[in-house]
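Scroll down for the structure; my scribbles are underneath it.
The values are calculated or read from the model by the stated rules, or taken from the named source; none is laboratory data. Treat the numbers as computed from the prediction; the structure is a model and nothing was measured. Here the Cβ positions follow ideal geometry from the backbone for every residue, glycine too, while neighbour counts run over all protein chains shown.
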Amino acid sequence: MKAVRYHRYGDESVLRHEEAERPTAGEGQVLVRVAATAFNPVDVAIRAGYLSSAFPLSFPHVPGFDVAGTVVEVGDGVTAFSSGDEVIGFLPMDRDGAAAEFVAAPADVLAMAPVRAALTDAASLPSAGLTAWQALHEHAQLQSGQRLLVNGAGGSVGGYAVQLAHEAGAAVTAVVGPRDVDRVRRYGVERVVDRTQEPVTDAVDVPVDAVLDLAPVSPADAAALMAGVRPGGVYVTTVPGAPVEPVGDIRVVSMFVRSDASQLAGLVQRVDAGRLQMHVAETLPLGELASVHARSAGGQLHGKVVLVP
Ligand SMILES: NC(=O)c1ccc[n+]([C@@H]2O[C@H](COP(=O)([O-])OP(=O)(O)OC[C@H]3O[C@@H](n4cnc5c(N)ncnc54)[C@H](OP(=O)(O)O)[C@@H]3O)[C@@H](O)[C@H]2O)c1
């Protein structure tokens, strides 16, 4: 099969689109014919070796921890899925991923794919949707009637977060770049702040119960956002290395997403019910993964990219 792999850590030139052995479904696994994988910003840091202690890789490594595809082989002990099922999942980040024609996936991280969306688009949902869900419901413990500010709301995680927060009954302020103002406004947010027109430090006009920070902010901006949280409120960041020194009496959480098939199935239900929109900015051939990494590192990537083998 064709796969993108790297044989050592390095810049994007280590990514090779090459022949690789097709995996088989081991115990507890299914073999998935990949319809698409998704690019995530952390892929660049993993490939560069910055996260080698958190995610030790064995080489050659196939990246791509988000998958959407079709089950073609079922391993021993798997009863939840059959050949032909269309599935999505957030795969273990330290194992071979879905930047390939086939991936052997643990069955217990998979959910049935949405039926009312293109299977390739559904690769955009697993890790980003789970991050949004866990940030709001596990870390911020968001309640109906609360006020939430999402910084970086135009991105992959942010798009899901504002929709899920609106569904939960929160009043959402979304801080976005100019290209995302109109789309994010359609997600039911109370206020959209274009960060090129209004500094993020002015975005909190009344104290909020929670901030979800998804953007690489300066320590000064992070402090200003924290200062907008009411006493007893919470500031949740997903950004690796973000400032996490609390200001005043607030809870500060630096979170890391985990795979959860039942939460993912809940997100799929929302997509099928029309309550959660997926937004894919670009669908590209898998062979372009190296250029996607380069564009991300250069700050030239905007919105979710899915890659089709
Ligand atoms: N800890 C975890 O478990 C976890 C899980 C998922 C993601 N993450 C991290 O969370 C962050 C968001 O992920 P993502 O997939 O949503 O990324 P993404 O799709 O690239 O979105 C990032 C968003 O932040 C915006 N942004 C960039 N600079 C900003 C600034 N200075 N102020 C305000 N907004 C700014 C971008 O706007 P423009 O496009 O207009 O530049 C973009 O909409 C990334 O750092 C990612 O690595 C962490």
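Do we have residue 125 as touching a strand residue (DSSP E or B) at 6+ places or on another chain (Cβ under 9 Å) and modelled with pLDDT of 95 or more here?
Here the answer is yes, as residue 125 does meet what is asked.
Just give me the residues in region 286-305 being closer than 20 Å to residue 159 by Cα, among the polar types (S, T, N, Q) and in contact (Cβ under 8 Å) with a residue 24 or more places away in the chain, in sequence order.
Selection gives 296 alone.
Being out of contact with any Lys or Arg (no Cβ under 8 Å at 6 or more places or on another chain) and β-branched (Val, Ile, Thr) is the filter here, so list the residues in region 38-70 that pass it.
Hits for region 38-70 are 42, 44, 46, 67.
Could you check region 250-265 and list, in sequence order, the residues that are more than 28 Å from residue 81 (Cα to Cα), touching a residue at least 24 places away in the same chain (Cβ under 8 Å) and away from the ligand (no atom under 11 Å from the Cβ)?
Across region 250-265, the qualifying residues are 250, 252.
Confirm whether residue 131 is buried (at least 24 other Cβ atoms within 10 Å of the Cβ), of a type in the set (S, T, N, Q) and in contact (Cβ under 8 Å) with a residue 60 or more places away in the chain.
Yes.
Check every one of the strands (runs of 3 or more DSSP E) wholly within region 197-309 and list those with 2 or more residues that are buried (at least 21 other Cβ atoms within 10 Å of the Cβ).
Passing ranges, in order: 208-213, 229-237, 305-308.
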